Amino acid sequence: MLAQRSHEVARPVAFKPRRRRRANLLHTLTHNRMACVLMLAAAVSFLLSVYVSAYARATENGYQRTGLLSHLRQVRLENESLRVQLEELRQPGEIAAFAARTGMEQGKRMAFLRPVKQPHVAQNTEHADIR
């Protein structure tokens with residue numbers, strides 16, 4: 001150290017603390033053009049990928065819906081044709097023709113059957129009155 005004069009008091013030297021610069025994203029984006037361009041490109045790329053994936057999903061759902069509607073139309077047409085066939089087969093003339101082809105004869109005496117009590121799912125089938 002330097003020699004002190006007798007009337008001077010030794011005191012510590014006060015240095016102004018240097019402000020340590022930290023990486024500040026906002027500061028970098030506003031002052032560095034390359035960082036701004038890169039960040040903008042990244043944001044556009046992200047938004048574009050989100051848009052493309054949403055558009056692909058919507059297109060896929062549209063194709064599925066179209067396929068299901070086509071299948072529904074086919075099933076409805078088939079159902080309608082089966083209903084028409086059923087109505088044709090319910091005609092008394094058709095029933096009589098079927099009975100004649102299979103060798104059935106009309107009964108001479110009427111008989112009525114008494115319905116049998118059917119067990120419910122929760123009932124015990126070992127019970128005597130159900131057998």
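Considering each of 48, 2, 86, 77 in turn, give the residue that is at pLDDT below 95, part of a helix (DSSP H, G or I) and at negative phi.
When all the criteria are applied, what remains is 86.
In segment 15-45, what residues are exposed (fewer than 10 other Cβ atoms within 10 Å of the Cβ) and at pLDDT 85 or above?
Within segment 15-45, 33, 34 qualify.
The values are calculated or read from the model by the stated rules, or taken from the named source; none is laboratory data. This one's a predicted model, so the numbers in the text were calculated from it and none came from an experiment. Using ideal geometry, Cβ is built from the backbone for each residue, glycine included, and neighbour counts are taken over all protein chains shown.
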